[in-house]
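S.K.: Quick one: the structure is below, questions incoming.
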Amino acid sequence: MKEVYVKKILIVVGTIFFTLFVLAPVIWMLFVSLTKDLGFLQGGGVNLTLSNYVNIISNKNLHMLDYLKNSIIISTTVSFLVIFIAGFGAYAITRFNFPGKFTIPLMMLAISIFPQISIAGYLFKIESNLRLINTYPALIFPYTAWTAPLALWILISYFSQIPRELDEAALVDGASRKNILLKIIFPLSTPGLISAFLIVFIACINELLFALLLTTDYRAQTISVGITLFQGLHGEIPWGELMASASLVTVPLIILTLFLQKYIISGLTRGGVKG
């Protein structure tokens, strides 16, 4: 009996520790974003205020809303493109037999593991020649290529669990392969599609290297670049406004993930279970 109690205590303590470890940076970020200054670190009083959020939203010279708009447009566009491309690829791999059927996804995954910096110079030269620098396509194209392998693997693992008999029955009824994918496979794979979409979306929001290299001003720069350049643009580090900017991005993503967590877990785990 003692071992059972000890095990329960260790589980509870471990859960509490892990939860605090994960939430502590987020709580600190929110707390700093609501303070007027960091005087409380030197023993001063804590002045809670929303002025930091008001400043970054109302001050047009900061361009935070422009950065946020760019991030949402680019990340959403890439996510839909990747789901569309990976969906067709996953359907082909799980439903047809052809040479390289298993090699192609492995090669795509291997290539995606290469560090971004290894292709940064070549990518900049190509996009400079195409005059894409500081435009949305400058980020949409590399982001799509960068995140497609991950979405492909998620959808392959999910599509492989859908019985092929559904395809055969639809073909007998005269449905085309495209209609089977769009009207049967996609609706049945909603959790997998949502998880892949959200993972790609978050990856694009968080990406910094390509966004910093391929954009030059607020007309195309993303929120990650805007936050990174905050110190250089405004001299001393305005921690309150900096944390407020980070909160505007982080908190909505956390809330979105919490609402969709059951779909994410289902999408990521169903492919690993037989039957």
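The values are calculated or read from the model by the stated rules, or taken from the named source; none is laboratory data. Just so it is clear, the model here is predicted, and its values are computed rather than measured. We place every Cβ from the backbone using ideal geometry, glycine too, and count neighbours over all the protein chains shown.
S.K.: Where residues in segment 16-54 are in contact with a strand residue (DSSP E or B) (Cβ under 8 Å, 6 or more places away or on another chain) and farther than 19 Å from PHE230 by Cα, which of them is modelled with the lowest pLDDT?
M.R.: VAL46
Yes/no matrix, rows are residues, columns are (1) of a type outside the set (Gly, Ala, Ser); (2) surrounded by 12 or more Cβ atoms within 10 Å (Cβ to Cβ); (3) modelled with pLDDT of 90 or more:
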position	(1), (2), (3)
GLY14	no, no, yes
PHE80	yes, yes, yes
ARG95	yes, yes, no
GLY100	no, no, no
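S.K.: Quick check: is even one residue across segment 22-36 loosely packed, with under 15 Cβ neighbours inside 10 Å and not in a helix (DSSP H, G or I)? Even if it seems obvious, please write down each step before you answer.
M.R.: Just the residues of segment 22-36 that are loosely packed, with under 15 Cβ neighbours inside 10 Å, to begin with: 22-28, 31, 36.
Still in the list and also not in a helix (DSSP H, G or I): 36.
Yes, there is a match, as at least one residue in segment 22-36 is loosely packed, with under 15 Cβ neighbours inside 10 Å and not in a helix (DSSP H, G or I).
S.K.: Among the residues of segment 146-185, which ones are farther than 18 Å from ILE93 by Cβ and touching a residue at least 24 places away in the same chain (Cβ under 8 Å)?
M.R.: Passing the criteria: only TRP146.
S.K.: Kindly indicate whether any position in segment 65-83 is closer than 30 Å to MET243 by Cβ, of a type in the set (Phe, Trp, Tyr) and part of a helix (DSSP H, G or I). Walk me through it before giving the result.
M.R.: The initial filter retains those residues of segment 65-83 that are closer than 30 Å to MET243 by Cβ, namely 65-79.
Filter once more, so that each one left must be of a type in the set (Phe, Trp, Tyr): 67.
From what is left, the residues that are part of a helix (DSSP H, G or I) are 67.
Yes: one or more hits.
S.K.: Can you say whether GLY14 is in a helix (DSSP H, G or I), small (Gly, Ala, Ser) and touching a residue at least 12 places away in the same chain (Cβ under 8 Å), as far as the supplied structure shows? I'd like the intermediate steps shown before the answer.
M.R.: Working: in a helix (DSSP H, G or I): yes; small (Gly, Ala, Ser): yes; touching a residue at least 12 places away in the same chain (Cβ under 8 Å): no.
Answer is no for this residue.
S.K.: Looking at this structure, is LEU68 surrounded by 15 or more Cβ atoms within 10 Å (Cβ to Cβ), in contact (Cβ under 8 Å) with a residue 40 or more places away in the chain and in contact with a helix residue (DSSP H, G or I) (Cβ under 8 Å, 6 or more places away or on another chain)?
M.R.: Numbers: surrounded by 15 or more Cβ atoms within 10 Å (Cβ to Cβ): yes; in contact (Cβ under 8 Å) with a residue 40 or more places away in the chain: yes; in contact with a helix residue (DSSP H, G or I) (Cβ under 8 Å, 6 or more places away or on another chain): yes.
Here the answer is yes, as LEU68 does meet what is asked.
S.K.: Applying the selection to segment 102-123, what residues are surrounded by 12 or more Cβ atoms within 10 Å (Cβ to Cβ) and among the β-branched types (Val, Ile, Thr)?
M.R.: Residues of segment 102-123 that are surrounded by 12 or more Cβ atoms within 10 Å (Cβ to Cβ), as a first pass: 104-109, 111-112, 116, 119-120, 123.
Scanning segment 102-123 gives ILE104, ILE111, ILE119.
S.K.: Across segment 187-201, what is the total count of residues that are in contact (Cβ under 8 Å) with a residue 60 or more places away in the chain and surrounded by fewer than 18 Cβ atoms within 10 Å (Cβ to Cβ)?
M.R.: 2
S.K.: Would you point out the residue of segment 124-138, among those that are of a type in the set (A, V, I, L, M) and either outside any helix (DSSP H, G or I) or out of contact with any Asp or Glu (no Cβ under 8 Å at 6 or more places or on another chain) (or both), that is surrounded by the most Cβ atoms within 10 Å (Cβ to Cβ)?
M.R.: Let us first name the residues in segment 124-138 that are of a type in the set (A, V, I, L, M), namely 126, 130, 132-133, 138.
The next check asks that each one be either outside any helix (DSSP H, G or I) or out of contact with any Asp or Glu (no Cβ under 8 Å at 6 or more places or on another chain) (or both); those that pass are 126, 130, 132-133.
Working: ILE126: 13, LEU130: 12, LEU132: 17, ILE133: 15.
By that ranking, first place goes to LEU132.
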